[in-house]
């Protein structure tokens, strides 16, 4: 997870487990971060903390054969 420093540069804020293996793509949708984990064949969905913007520790995980891209639908 990165933030924007006072000088406008990206700065590391936190690290977290992606909820699987070989994260290939991610998508922000409302208050959730979805991660396509190609190596483990899963998509992990993290709720984002409203105060910090950081992902929660325990994602909801679904099995998907070798996900490589997430396309949010409206």
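For the reader, a short list of remarks on this structure follows.
- Residue among 57, 44 that alone is within 12 Å of the chain's Cα centre (by Cα), at pLDDT below 95 and over 13 Å from residue 1 (Cα atoms): 57
- Residue in the stretch 1-27 that is nearest to residue 68 (Cα to Cα), counting only those that are in a strand (DSSP E or B) and free of Cβ contacts under 8 Å to residues at least 12 places away in the same chain: 2
- Residue count, the stretch 52-74 (criterion: under 9 Å from residue 19 (Cα atoms) and either free of Cβ contacts under 8 Å to residues at least 12 places away in the same chain or crowded, with 17+ Cβ neighbours inside 10 Å (or both)): 2
- Selection status of residue 49, over 11 Å from the mean Cα position of the chain (by Cα) and surrounded by 11 or more Cβ atoms within 10 Å (Cβ to Cβ): yes
- Qualifying residue in the stretch 41-49 (condition: in a loop (DSSP other than H, G, I, E, B), in contact (Cβ under 8 Å) with a residue 12 or more places away in the chain and over 22 Å from residue 65 (Cβ atoms)): no
The values are calculated or read from the model by the stated rules, or taken from the named source; none is laboratory data. Predicted, not measured: the structure shown is a model, and the values here were computed from it. Ideal geometry is used to build each Cβ from the backbone, glycine not excepted, and the neighbour counts take in all protein chains shown.
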